[in-house]
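Below is one structure; the comments refer to it alone.
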Amino acid sequence: QNSPARDKALRQRVQVVFQDPYGSLSPRMTVGEIVSEGLRLHQPQALESQLEARVLDTLAEVGLSTADFPDLLNRYPHSFSGGQRQRMALARALVVEPDLLVLDEPTSALDVTVQKQILKLLQDLQKKRSIAYLLITHDIDVLRAMAHQVMVLQAGQIMEAGPADQVLYQPRHAYTRTLLEAFPNA
């Protein structure tokens, strides 16, 4: 049975980063409003100065600092690149210190160079914060770079699951082999 208090607690522990950094950030909100939104919900008693400090720290942690972006908190998403917007989306999710981050194709809308930067950032954040990721992707390279465990789905059914090395390099299921053969250079 769902309760508002339980749902709120779950939303703090589990955060989502969507694949489209252009569509997932409100163009009517400033960076400061976007990143602090969850914090304001989960910590309504926090002082404005505490919220701002936490937002700035989290933005810096994902590579967006006021040294590089003057007046960062008062700027709007449209003035940033796709990679910078994805960093904003990460900051928005991370600022509430979740236990699990659901990453829905987090690099698919980015060019290859920026993809690598975001993947490196995600790896660093995982080590630093001891955070778990549920990564949803069709990109075999992303899986190889990020996954410890892999689950292959077809039409909502689990075809194969196990350690990443086993599933990606010694697949047992024909569907998994077909997927991997479709990307021989991946």
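Every number here is computed from the coordinates shown, using simple stated rules; none is lab data. Everything numeric in this text was worked out from a predicted model, so none of it was measured. Using ideal geometry, Cβ is built from the backbone for each residue, glycine included, and neighbour counts are taken over all protein chains shown.
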- Task: Could you tell me whether any residue of segment 102-118 is exposed (fewer than 15 other Cβ atoms within 10 Å of the Cβ) and touching a residue at least 60 places away in the same chain (Cβ under 8 Å)?
- Result: yes
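Can we say GLU48 is surrounded by 15 or more Cβ atoms within 10 Å (Cβ to Cβ) and not aliphatic (A, V, I, L, M)? Break it down stepwise before answering.
Details: surrounded by 15 or more Cβ atoms within 10 Å (Cβ to Cβ): no; not aliphatic (A, V, I, L, M): yes.
No; evaluated as a whole, the condition is false for this residue.
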- Task: Only residues in segment 163-177 that are of a type in the set (Gly, Ala, Ser) count as the first member; pair them with residues that are part of a loop (DSSP other than H, G, I, E, B) and loosely packed, with under 15 Cβ neighbours inside 10 Å, Cβ under 6 angstrom, at least 6 apart or cross-chain, and list the lot.
- Result: ALA164/HIS148
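Can you give me the number of residues within segment 109-164 that are of a type outside the set (Gly, Ala, Ser), touching a Leu at 6+ places or on another chain (Cβ under 8 Å) and over 26 Å from GLY63 (Cα atoms)?
Applying the first criterion (of a type outside the set (Gly, Ala, Ser)) to segment 109-164 yields 110-129, 131, 133-144, 146, 148-154, 157-160, 163.
Next cut, touching a Leu at 6+ places or on another chain (Cβ under 8 Å) only: 118, 121-122, 125, 129, 131, 133-137, 140, 142-144, 146, 150, 152, 159.
Checking the rest, the ones that are also over 26 Å from GLY63 (Cα atoms) come to 150, 152, 159.
Number satisfying all stated conditions: 3.
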- Item | Residue check for LEU72: closer than 19 Å to ARG13 by Cβ, surrounded by 19 or more Cβ atoms within 10 Å (Cβ to Cβ) and of a type outside the set (Val, Ile, Thr) | no
- Item | Only one of VAL35, VAL55, VAL31 that is more than 22 Å from LYS116 (Cα to Cα), in contact (Cβ under 8 Å) with a residue 60 or more places away in the chain and touching a helix residue (DSSP H, G or I) at 6+ places or on another chain (Cβ under 9 Å) | VAL35
